[in-house]
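Since the structure comes first, as structure tokens, the remarks are kept for the end.
The values are calculated or read from the model by the stated rules, or taken from the named source; none is laboratory data. Treat the numbers as computed from the prediction; the structure is a model and nothing was measured. Reconstructed Cβ throughout: ideal geometry from the backbone, glycine too, with neighbour counts over all protein chains shown. Note: accessible area is taken over every heavy atom of the protein model, side chains too, but ligands, DNA and RNA are not part of it. Shrake-Rupley method; radii C 1.70, N 1.55, O 1.52, S 1.80 Å.
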Amino acid sequence: METQSGGSGSASGGGGGGRMRLRKTESAEMRWVVSGGAYEEDEIESSDGGGGTPAAASGSRGGCSDSDDNYEEAEMLRQRLVRTGPRADSLDVEAQDVAGMNRHQEITVGRSIVLAVQTLGVVFGDVGTSPLYAFDVMFNKYPITSKEDVLGALSLVIYTLILIPLLKYTLIALWGNDDGEGGTFALYSLICRNARVSLLPNQLRSDTRISSFQLQVPSVELERSLKIKERLETSSMLKKLLLMLVLFGTSMVIADGVVTPAMSVMSAVNGLKVGISSVNEGEVVMITVAVLIVLFTLQRFGSSKVALAVGPALFIWFCCLAGIGIYNMKTYGSAVLQAFNPMYIYYYFERNPTQAWMSLGGCLLCATGSEAMFADLCYFSVKSVQLTFVFLVLPCLLLGYLGQAAFLMENLTENQQVFFLSIPNQAFWPVVFIAILAAIIASRTMTTAIFSTIKQATALGCFPRLKIIHTSRSFMGQIYIPMMNWFLLVSCLAFVTMFGSINEIGNAYGIAELGVMMMTTVLVTIIMLLIWQINIIVVLCFLTLSLGLELIFFSSVLGSVADGSWVLLVFAAVLYLIMYIWNYGTKLKYETEVKQKLSMDLLMELGCNLGTVRVPGIGLLYNELARGVPGIFGQFLATMPAIHSMIIFVCIKWVPVPVVPQNERFLFRRVCPKSYHMFRCIARYGYKDIRKEDYISFQQLLIESLEKFMRREAQERSLESDQYDGTDSEEEVASASSRALVGPNGSINSLGVPPAEAAGTTEHPTIGSSMSFDGSLDEAIDGRGSLDDELSFIHKAKESGVVYLLGHGDIRARKESFFVKKLVINYFYAFLRRNCRRGIAALSIPPSRMMQVAMQYMV
């Protein structure tokens, strides 16, 4: 399809005629590409860069006028609303190698049944064990005085289950997943992918051409999302505020993972006190500690194996809840069904406003595990989680609470250990055994959620790197983090021995849950406005209902901070500071490396030998820069007597997508002319990807991708030569040279000139940036036969050996810096960096193949 549109000027300052072409690709994204003036545009050098928005593109494209004014006006309106792709360069060419891929695993009926069983063991264990303690905590501080109090409390529980786990999470939040990933950082990653709000300035425009990026095209009716996007991208304060909210939510998730095992296991073990009168509180604590140690020891076997084994056990638990509830309603009466009338909530608050308000903290515990249902989504499919909750979990929970309330209405003084007291005598010990087993399963719920969250946070530069073990061959999201597992165990044991009572732990539990819930509400609201583009009235209704309800609950649990909940807040604050300091130091280090990278003028002055001796071999220099030559390379040139004949600057880059397909892993571009034999390689990984390849497999994939890049480059130069040989006029040459590629993915669709030509003819060597190609058109034509020579050069260099050049860049605060900055950078961040896992460790490179140089930056 071909259209024409009017425009004035171009980014290069030259007007003139040109043609605009729009082509659809298999991706959902479309791009306008306008010819009529070449211009140079950096992919990114600052965190507040353009980002390909219509606002950024306005006025930067040239075109010719159209005779039809109405058509021109309509096309200009569409151009303002459709994302405009950047000029294609060598990185973009490589990024378009693979068309849109089907990244989702096909879920069969049998697989869905297996996943449904596994979800019980991983996702719903926490919310499934809430009947063990919800009524106990609700009536802890104030005794029950009438049956109406029971109905009011039951009505609170019923509608809390409906509004939070069912409405907010199952029906709304689960759809906010990032390609199957759930949790706080998955939401943040989804926002970062659609608006450039990340504080780490390493984004590349070519990242948007990954087939898993899936950007949407805004519509004319919902221009509001563009304004929100522009506001988020241009306001550094909003970016920092968004990151702070995400880090706060993540710290509360980890705190929740500490309290969940303590609360679940201790509440189940408390059943022994009902069956055996001689068991005291101290013995309950000791048994709880022993169970927790066994629990965290078994965690290393992975979610898939453990969940499939314990899933049937939790299914029996839910059946017990439903069966006991039905038995109690038959035994004590079905008057509790009146609690479905929400007016009983009003009556409850009218009679005893203080008691009702204080009981809200305990009422919230019936919805614990709602966040785990979302955070653990990476382990399973959305459909399996939704179906299991709606048709099994929720009905069993409601029946369980109805049965306990029926028992309480006839036994008003028995307001502690309500669940165990309501069990029929004949089934008491089997149910106690199943309850303890279910509590053990529930304790794993937030632990698995934390593993997923930490993996996402690490990939986005917000948490120190830790060793991650992949535990399933079928689902790549199922992971195990040993360091975090033992840290959670120690913290959990400390909480159990410090509090020693489910009532005190329950108060801390509510604070952790609400902190996570409120952050999820804010992030889902942003996604509704920015990505889903839902009507503003619907968004306001969701925000008002969810956040308003959570703030009411939060006001209740804050009243019990003095009872010991402050310990959990201090714990979460320490975790928050660790993540913030790591992100701050990482960002400062990257910005400093960008400022101190080597200029191309210096490399050109040194010549192709780089002022030293070039010896056969390939040197892979690892660095974190996505653009430019890192300053650490100058340190290598200064300290080493010789340098390898081929140098590849390798950047391991995490992009805000769950998975990067293997065929789209590597991007290449040349650095300096061909005679230098220097390249830049960006190895891209999604936050769900696991780097399992060893160094031999990695370098093999890298070299194969480099050869592929060279072949493509040679093919483009050949096409470029043919294009110029066939032109009859200077005007035709100028028009052809300004055309660019359309389509973010898929096969390369030429518009008359190969896309790399735009990069090759418009990008010149500048200080701090690299060149896509090294010569003019004449050199390209003369060099058509040089492909075999270059491939032969690579093979000989590879035979001579591949050496990994590792540069350790540390940062130190300047002497004139503030005391707080010195403390944070020189001590806290330095300590975290020394003790975290190095990014190159995943390749297991032998020391004989490594050369290391240290460099210190003053910030």
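Below, the figures for the structure above:
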read-out: Condition met for L190 (within 16 Å of L397 (Cα to Cα) and assigned by the TED database to the domain that holds T447); value: no
read-out: Which numbered condition D149 misses (of (1) open to solvent by 20 Å² or more (accessible area, probe 1.4 Å); (2) modelled with pLDDT of 85 or more); value: (1)
read-out: Qualifying residue in the stretch 387-399 (condition: modelled with pLDDT of 90 or more, over 25 Å from the mean Cα position of the chain (by Cα), more than 28 Å from W429 (Cβ to Cβ) and buried (at least 21 other Cβ atoms within 10 Å of the Cβ)); value: no
read-out: Some residue of the stretch 686-696 being of a type outside the set (F, W, Y), open to solvent by less than 40 Å² (accessible area, probe 1.4 Å) and in contact with a Ser or Thr (Cβ under 8 Å, 6 or more places away or on another chain); value: yes
read-out: The stretch 780-809 - residue that is exposed (fewer than 15 other Cβ atoms within 10 Å of the Cβ) and outside any helix (DSSP H, G or I) and, of those, modelled with the lowest pLDDT; value: H808
read-out: Selection from the stretch 493-522 of residues that are of a type outside the set (V, I, T) and under 19 Å from I578 (Cα atoms); value: A512, G515, M519
read-out: Filter pass, T521 being open to solvent by 30 Å² or more (accessible area, probe 1.4 Å) and of a type in the set (S, T, Y); value: no
read-out: Matching entry among A508, A494, A438, A449 (being without any contact (Cβ under 8 Å) to a residue 60 or more places away in the chain, under 27 Å from V269 (Cβ atoms) and not in a loop (DSSP other than H, G, I, E, B)); value: A494
read-out: Members of the stretch 542-571 that are of a type in the set (S, T, N, Q), assigned to a helix (DSSP H, G or I) and under 23 Å from I502 (Cβ atoms); value: S555, S556
read-out: One residue from G403, G333, G361 being within 12 Å of A153 (Cα to Cα) and not polar (S, T, N, Q); value: G361
read-out: The stretch 629-645, subset assigned to a strand (DSSP E or B) and free of Cβ contacts under 8 Å to residues at least 40 places away in the same chain, residue most open to solvent (accessible area, probe 1.4 Å); value: A642
read-out: Residue that is farthest from G400 (Cα to Cα) [pool: residues in the stretch 321-350 that are among the polar types (S, T, N, Q) and either in contact with a strand residue (DSSP E or B) (Cβ under 9 Å, 6 or more places away or on another chain) or open to solvent by 30 Å² or more (accessible area, probe 1.4 Å) (or both)]; value: N341
read-out: Residues being in a loop (DSSP other than H, G, I, E, B) and in contact (Cβ under 8 Å) with a residue 12 or more places away in the chain - total across the stretch 387-435; value: 8
